[in-house]
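One structure is given here, and the rest of the page talks about it.
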Amino acid sequence: MYSLMDFLADDFPYAPKKLSLRLRQATAVLGMLMLAPLAMAHEFWLVPHDAQTGLEKKVVFELRVGPTWPGVQTPRIDNLVNWFKAKDAQGEWNVAGRDRTLAVGNFTTRSPGATLVGMRTNSAHLELSASEFNKYLSEEGLTEVIKTRERFGLSDAPGRENFSRCAKSIILVDGQSQGYNQQIGLPLELVLQTDPLALDSDKPFGIQLLFNGEPLPNTLIKAQLKAEPPIELSATSDSQGRVTFKLPQEGLWLFNAVHMEPSVEDDSDWESLWASLTVQLSNNNSE
């Protein structure tokens with residue numbers, strides 16, 4: 001396993017010789033965070049430069065990693081992406097992008113309404129001490145995993161886990177939002193249940209969590225507003241995988257959830273999926 005200093009070294013074999021120091025440092029940070037989400041950060045999300053825009057406009061994405069806003073801007077490291085695609089009223093297409101860049105992807109809007117964007121990462125392996133793993137499980141509300149480890153006398157055993165990311169973003173085009181409640185096909189996916197252009201702080205705002213297309217109950221879902229300081233809320237999904245929040249104000253919101261199951265691989269005991277969703281919420285009917 002490479003260390004942080006390996007990533008920054010001039011002779012590191014996977015770093016281009018002319019790669020800027022900033023990009024190399026960011027690549028190192030993302031590499032470490034992808035390998036050890038507990039050490040510095042948990043969440044992994046897409047940030048569009050224009051979350052609400054017009055027709056035939058270019059939208060550029062960056063990646064952020066961290067426990068909350070603003071996170072650390074990080075490049076698209078080699079072999080990170082399994083697939084990266086967009087979906088609008090006209091259909092689906094692959095999002096253009098290159099490894100080792102801070103602008104991790106881009107596309108040009110084609111249709112009024114919601115354009116969904118999804119990034120599925122390849123799996124990475126993680127091993128944590130028992131205390132670190134138990135802390136991580138508690139912070140992410142993974143109580144069933146905690147109970148299973150207790151039931152089998154494994155609470156003092158290290159945590160061996162394979163994990164991957166399911167990052168989603170919604171771009172609202174031409175002041176319209178139809179299609180906001182569609183799926184893009186991530187194995188763990190957060191789906192809006194309330195119109196993102198009709199935010200009302202006095203009314204519940206709904207989110208549904210799906211695992212392989214089916215509602216996922218009893219899962220902690222977090223909501224965080226990009227603000228200073230960030231506003232953070234959380235709720236547990238009901239039998240239909242749904243939660244509601246009273247979101248206090250407009251802005252770029254980040255929603256997150258984690259799901260973990262026993263692994264069938266020899267090198268790990270657990271398999272986890274980390275879902276995120278970013279969307280710019282507003283009220284077009286407000287005066």
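Rule-based calculations on the coordinates, nothing more; no lab input. All values derive from a computational prediction rather than experimental measurement. Neighbour counts run over all protein chains shown; Cβ positions are idealised from the backbone, glycine included.
Things to note:
- Relative contact order (percent, whole number), region 186-228, Cα cutoff 8 Å, 6+ residue spacing: 39 percent
- On full extension, the segment bounded by Glu250 and Asp174 gains 25.6 nm, given 0.36 nm per residue less the C-alpha separation.
- With a Förster radius of 35 Å applied to the C-beta separation of Glu132 and Asn82, the computed FRET efficiency comes to 0.85.
- Two-site FRET efficiency, Lys203 against Thr148, from Cβ-Cβ distance with R₀ of 45 Å, rounded to 0.05: 0.75
- Distance from the alpha carbon centroid of region 81-127 to that of region 219-242 works out to 23 angstrom.
- Cβ-based exposure ranking for Met119, Met260, in which fewest neighbours within 10 Å come first: Met260, Met119
- Alpha-carbon radius of gyration plus Dmax, which is the widest Cα pair, for region 61-198 in Å: 18.3, 56
- Taking 7 Å steps out from each Cα toward its Cβ at Thr108 and Ala227 produces label points 3.8 nm apart.
- The reciprocal of the average 1/r between distinct C-alpha atoms defines the Kirkwood hydrodynamic radius, which for region 150-263 equals 15.7 Å.
- Placing R0 at 30 angstrom, the Cβ-Cβ distance between Ser155 and Asn212 gives a FRET efficiency of 0.55 after rounding to 0.05.
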